[in-house]
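The values are calculated or read from the model by the stated rules, or taken from the named source; none is laboratory data. Keep in mind that this is a model prediction, so the values were computed, not measured. Cβ placement follows ideal geometry from the backbone for every residue including glycine, while neighbour counts extend to all protein chains displayed.
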Amino acid sequence: MEALESLLHGFGVLLTFHNMLLMLVGICLGILVGVLPGLGGPNGVAILLPLTFTMDPTSAIVLLSCIYWGALFGGAITSILFNIPGEAWSVATTFDGYPMAQKGQAAEALTAAFTASFFGSIAAVMLITFLAPWIATFALRFGPPEFFAVYLLTFCTFVGLGKESRHKIIISLALGFLLAAVGMDTVSGELRMTFGSVELLRGFDFLVAVIGLFGISEILLAMEEHLAFKGQEAKIRLSVVWRTWLTLPRYWLTLLRSSAIGCWLGVTPGGAIAASFMGYNLAKRFSRDGANFGKGKIEGVLAPETAAHAAGTAALLPMLALGIPGSGTAAVLLGGLMVWGLQPGPLLFVEQKDFVWGLIASMYLGNIAGLIIVLATVPLFASVLRVPFATIAPMIIVSCAIGAFAVQNAMFDIWLMLGFGVVGYLFKKTGIPLAPMTLALVLGDKAEDAFRQSMIGLDGGLGIFWSNKLVGTITTLALVMLFWPLIGKAIELVRGSGRSVPAGGESSRA
Amino acid sequence: MSDGPHADVDPALVSTRSVELAVMALLFCLSIFLGWDNWRIGAGWAPDGPQAGYFPFYLSVLLGGSSLWGIVAALRSEELREEIFVGCSAFGRVLRVFLPTIGFVFLVQLIGLYVASFIFIAAFMVFVGKLKLWKSLLTGFVFSALMFYVFDVQFNVLMPKGPLEAAFGF
């Protein structure tokens, strides 16, 4: 019950007027970020990160993580009312959410979506509360080889479990690592891949990359796809909320199942997107009238939203306990930690108790506050979308430029952001995933350091990664994950069963 | 966003296969280039462990290998040949936002971020969005002023400035 004590302590840290205010501001900004096309979790947080440079770390993380919660809530609004997913993880919500809105049940669908998000999130936060300290204690024994093995596991999981073609995931990873390595080498002090350029000496800041890859490219895509927001009316009356809430206990199994899927996929870097599709597909398969899915069933809204929100929240678990983010936004938050002068990793739980437990407490409060705010302000945010895109687009671009410049006060970074925007546009359209690249950019230096520290004094032998039980297990697990598609096929062959698992409905961009 | 033709009847500008081939080829060249640079600074083993170029060199090899794989996969795929990467009018819309953005970044360099963003937003609304002039000017002004207040005044995050801000003593 040590965790509960620490949690109470965290609430103590959190419950100041200043922090509560930041929380409200963060949630409102987050919903806005979630609603607007072109602004998503990762780049929304990245743009606002410079504002927190002068804050104390606890207030800063409260603000930024609340933007994240808000964005998770906000994604559902556009999916249900406009049939346009504000975020990739709310694509599955459109399948049943929009038909419900067309039938005039927009308020029920929204209430269900927000409540489901809340439920999934709280499930994941509870997991973090009790599991993260334990994992962190365990990870305190880790040396460089163990850490490298965990990084390896993260990246191998991406390759093995990703939905995209393997070679495209590997390209994304390798490119991220290479970009992270540009600049001064931390161990030998040598310059790498700078080609005599002074600007490249600083290396590529991953925040600039995130803003370009996710922000600018989204604007280009939105423009190309000719977005027009013709949506359903949004008004939520309290009586409807009550009525919807009363029906929810009937779907307890769906909620629990989706939470479990979300927690699992969030911790492994499968991410919220995969979780939402999986939650939806499983709910459809196990439901008594699965045939009616896609025609406006409330379960079809509950399942993906619960899973997406649980995954989005659970992605913070490995970030807190091991210093390895489980999602793009978690990666940006991790970058924030480093900017504020905190060393991510298991030591956080020992050295920065206020920070860690303040953050965990803010996850509880932030989600409660988020639920209330989002229910109350849906009409307001829905009306934001009726503003012409020609007004929103330049504003988002200006915000992106501000965010990119503020990272290092460098004009070059704004150009770099534009370049990354083009890269992001091309990659998204050719099916090269961006999340592995973001993660590799953030973790590149750390992974390399861990590798080289483990290798000191060895002449090229990789035996160190099997030198004891712990590191051996993790490394082997990483290889299993890497070759998972092959192993899965082999198992199926042995069983001799030809039934294939239906793949999650992919969102085709082209 | 004024033009009529929808993406369905939009004539294809380029197929997904061509773009994918081009992207993969570029990545392959990049991997050779980076691999060579890392080989130059040493990609082997020093007595105290791997040299500076070791890690990035093998990543370049990985990148090169996967992009070659990508080229082969794209060449062999029949569906990609049929798939439209972007239509003509869709690409026109992309340029209509991308070219002004380049202009905006140039302006930032010349006259500072806030004035540039005022011009960018107002001009974009008028010429691309075909919105009313007064609305556009007002929106541009309010947004730029708000950004200035939040970032420069409230949070002390300094943006590039030009002659106008200097005239006001910032």
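Filtered by the rule that a residue be aliphatic (A, V, I, L, M), more than 8 Å from chain A (Cβ to nearest Cβ) and farther than 21 Å from A:Leu173 by Cα, region B:20-59 gives a lone residue, B:Ala46.
Residue-wise test of (1) within 14 Å of another protein chain (Cβ to nearest Cβ); (2) of a type in the set (A, V, I, L, M, F, W, C).
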| residue | (1), (2) |
| --- | --- |
| A:Ala3 | no, yes |
| A:Val13 | no, yes |
| A:Gly26 | no, no |
| A:Leu32 | yes, yes |
| A:Gly41 | no, no |
| A:Gly44 | no, no |
| A:Ser59 | yes, no |
| A:Thr78 | no, no |
| A:Pro85 | no, no |
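If only residues of region B:61-83 that are out of contact with any Asp or Glu (no Cβ under 8 Å at 6 or more places or on another chain) and in contact (Cβ under 8 Å) with a residue 60 or more places away in the chain are counted, the one that is farthest from B:Leu13 (Cα to Cα) is B:Ser77. In region B:87-107, the residues that are closer than 17 Å to B:Lys130 by Cβ reach residues that are outside any helix (DSSP H, G or I) with C-beta atoms within less than 7 angstrom, at least six apart or across chains, in these pairs: B:Ser89/B:Asp3; B:Ser89/B:Pro5; B:Ser89/B:Asp10; B:Arg93/A:His226. Every listed requirement among (1) in contact with a helix residue (DSSP H, G or I) (Cβ under 6 Å, 6 or more places away or on another chain); (2) farther than 20 Å from A:Ala331 by Cα; (3) more than 7 Å from every other protein chain (Cβ to nearest Cβ) is met by A:Lys489 save one, (1). Can you tell me which residues in region A:413-429 are over 20 Å from the mean Cα position of the chain (by Cα), facing chain B (nearest Cβ under 10 Å) and in contact (Cβ under 8 Å) with a residue 60 or more places away in the chain? Listed by number, the residues that qualify are A:Met417, A:Leu418, A:Val422, A:Val423, A:Lys429.
Conditions tested, residue by residue: (1) modelled with pLDDT under 90; (2) not in a helix (DSSP H, G or I).
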position	(1), (2)
B:Phe104	no, no
B:Val108	no, no
B:Ile121	no, no
B:Met125	no, no
B:Lys130	yes, yes
B:Leu137	no, no
B:Ala145	no, no
B:Phe151	yes, no
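Candidates in region A:27-59 are the residues that are in a helix (DSSP H, G or I) and among the hydroxyl-bearing types (Ser, Thr, Tyr); of these, the one that is surrounded by the fewest Cβ atoms within 10 Å (Cβ to Cβ) is A:Ser59. Restricting attention to region A:4-26, does a residue exist that is more than 19 Å from the chain's Cα centre (by Cα), at pLDDT 80 or above, part of a loop (DSSP other than H, G, I, E, B) and among the hydroxyl-bearing types (Ser, Thr, Tyr)? Looking for residues that are more than 19 Å from the chain's Cα centre (by Cα), at pLDDT 80 or above, part of a loop (DSSP other than H, G, I, E, B) and among the hydroxyl-bearing types (Ser, Thr, Tyr), one finds at least one in region A:4-26, hence yes.
Please identify the pairs in which a residue from region A:191-214 that is closer than 10 Å to A:Ala46 by Cα has its Cβ atom under 7 Å from the Cβ atom of a residue that is assigned to a helix (DSSP H, G or I) and of a type in the set (D, E, K, R), counting only partners at least 6 apart or on another chain. Qualifying pairs under 7 Å: A:Val208/A:Asp413.
Let's see how each residue does on (1) within 9 Å of chain B (Cβ to nearest Cβ); (2) at positive phi; (3) not aliphatic (A, V, I, L, M):
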site: A:Gly366; (1), (2), (3): no, no, yes
site: A:Leu371; (1), (2), (3): no, no, no
site: A:Val374; (1), (2), (3): no, no, no
site: A:Val378; (1), (2), (3): no, no, no
site: A:Arg386; (1), (2), (3): no, no, yes
site: A:Val398; (1), (2), (3): yes, no, no
site: A:Ala404; (1), (2), (3): no, no, no
site: A:Val407; (1), (2), (3): no, no, no
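Close Cβ contacts (under 8 Å, 6 or more residues apart or on different chains) running from residues in region A:157-171 that are within 13 Å of another protein chain (Cβ to nearest Cβ) and over 22 Å from A:Thr476 (Cα atoms) to residues that are hydrophobic (A, V, I, L, M, F, W, C) and assigned to a loop (DSSP other than H, G, I, E, B) comprise A:Glu164/A:Ile432; A:Lys168/A:Ile432; A:Ile171/A:Ile432.
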